[in-house]
Amino acid sequence: MISNQVLQTTIDGLRSIARVELCVVDVDGKMIATTSEEMSNCLGAAQDFSRSPADSQEVQGYQFFKILDETQLEYILVIGGAGEDVYMIGKMVAFQIQSLLVAYKERFDKDNFIKNLLLDNLLLVDIYSRAKKLHIPTDVARVALIIESDNNRDNNVLEIMRGGFGNNNKDFITAVDENNVIVVKELVEPDAVREIDRAAKIIDEFLEKEGITGIRIAYGTIVKEIKEVSRSYKEAKMALDVGKIFFDERNIIAYNELGIGRLIYQLPIPLCKMFIKEIFGGKSPDDFDEETLSTINKFFENSLNVSETSRQLFIHRNTLVYRLDKLQKSTGLDLRVFEDAITFKIALMVVKYMKYMETFEY
């Protein structure tokens, strides 16, 4: 529950105030935090004390206190010294660790609840009853963000995120696998879209400063009920995948910005292959030379404007027309005609999707 590092930091701070040596022992008699190695002399007595019915005890110049998780013994606190003053210090230290135990347990319970909520592992009645028990509002606006990076598995991005943003009790930071970190963010500003975008940029900049590379952030749509959070999470997952295929130049992408890419992503591969065969015959857009592909992309970027495209490509208008005529002869599609241009654009996106899926599978 509580990490050894947190316990060590806690008793180090308390020792600097109370000026007595402290030690925390687990139920197996193992010392997990101490302010002095000499406290190891009391491990045997601590284990004997753990089996006794007493809540506190003084033995051989040490004070022993039991710290319970509800009714279950969790830790034994040992404090060096005897007398009423030392006893009072021990009671206060034990109370502090007990409070930490409660806080961490509540955090664990909330984290467990959010994970199950994201994965749709809860019945509707359980969602609302557990949210009420954990004091989580059920009818506020929220959005799910997914954070992925090149070194998610190597670096503990989850702990870095919790260290930087974990003090906000309204937001939840968790993970359901080792690849991604999920933030369930509560929205409070009238312009929620701008608030989400600003939050994503802050996270991106923060992780970059922490040395995390290859950051990609995706988020779903805004939901008003806690039962809908899983939908926002699923949308964010799709946005992350679709963004890699069709928006690889962007590291922040929203579900509602995916456009037609969202539809293509849900097509079965056999249907995609059939469509490409119908459009290009036995050919593929991959067979086009670099010059032709750059011409096509620039033509689409300029909304099928011949003059502007030729200007940006630094070629004569007639040269561009010649290239478009040549493309029409090989494919049967005239990109100057809106319907043909749409067909060609979709075909290019389908091919990009197919290539991504092949890489993903193999």
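The values are calculated or read from the model by the stated rules, or taken from the named source; none is laboratory data. These figures come from a predicted structure and were not determined experimentally. Methodologically, a virtual Cβ is constructed for each residue, glycine included, from the backbone with ideal geometry; neighbour enumeration extends over all protein chains shown. Accessible surface is based on the protein model in full, side chains and every heavy atom, while ligands, DNA and RNA are left aside. Shrake-Rupley method; radii C 1.70, N 1.55, O 1.52, S 1.80 Å.
Stretched out straight at 0.36 nm per residue, the stretch from E84 to N179 would grow longer than its current Cα-Cα span by 28.9 nm. Loop-located GluC sites (Glu not before Pro) in region 1-72 (DSSP state other than H, G, I, E, B) with a sparse environment of at most 10 neighbouring Cβ atoms within 10 Å: E70. When +1 charges are put on Lys and Arg Cβ atoms and -1 charges on Asp and Glu Cβ atoms, the dipole computed for region 301-356 relative to its Cα centre reaches about 220 debye. Split the accessible area of region 24-154 by element, probe 1.4 Å, and carbon with sulfur accounts for 50%.
Other residues whose C-beta falls under 12 angstrom from the C-beta of V25 contribute a net charge of -2, scoring Lys and Arg +1 and Asp and Glu -1. Once you've got the Cα coordinates, tell me which of K170/K227; K185/K237; K91/K132; K132/K201; K115/K209 are over 21 Å apart. Beyond 21 Å between Cα atoms: K91/K132; K132/K201; K115/K209. Based on Cα contacts under 8 Å between residues 6+ apart, the chain shows a relative contact order of 10 percent. Under the combined filter of DSSP loop state and at most 12 neighbouring Cβ atoms within 10 Å, region 287-332 retains these chymotrypsin sites (Phe, Trp or Tyr not before Pro): F314.
Give, as a single signed number, the net charge of other residues whose beta carbon lies under 13 Å from the beta carbon of C272, with Lys and Arg counted +1 and Asp and Glu -1.
On the way: positive: K273, K277, K352, K355; negative: E278, E358.
Surrounding charge for C272 is +2.
Counting only protein heavy atoms and a probe of 1.4 Å, the accessible surface of region 225-306 is 50% carbon and sulfur. Each of I17, M349, I315 was placed along the dipole of the chain (beta-carbon charges, centred on the mean Cα), and the one lying farthest toward the positive end is I315.
Of all aspartates and glutamates in the structure, those lying under 16 Å Cα to Cα from K277, and not within fewer than 8 positions of it along the same chain, are D286, D287, D340.
With r defined as the distance between the Cβ atoms of E189 and L68 and R0 fixed at 45 Å, what FRET efficiency is calculated, to the nearest 0.05? About 0.60, to the nearest 0.05. Listed values for region 260-276 are Karplus-derived 3J(HN,Hα) couplings in whole Hz (6.51 cos²θ - 1.76 cosθ + 1.60, θ = phi - 60°), namely 5, x, 5, 6, 4, 4, 9, 7, x, 4, x, 5, 4, 5, 5, 5, 5, and x replaces Gly and Pro.
Between the amide H of V140 and those of I226, distances stay under 5 Å, these residues lying 5 or more places away or on another chain, with hydrogens modeled in the peptide plane.
Put the Cα centre of region 246-324 next to the Cα centre of region 147-216 and the gap is 33 Å.
About its Cα centre, how strong a charge dipole does the chain have in debye, to the nearest 20, once Lys and Arg get +1 and Asp and Glu get -1 at the Cβ? In debye, rounded to 20, the chain gives about 1220.
Residues of the chain: accessible area per residue at 1.4 Å, in Å²?
Working: 20060 Å² over 362 residues.
The answer is 55 Å² per residue.
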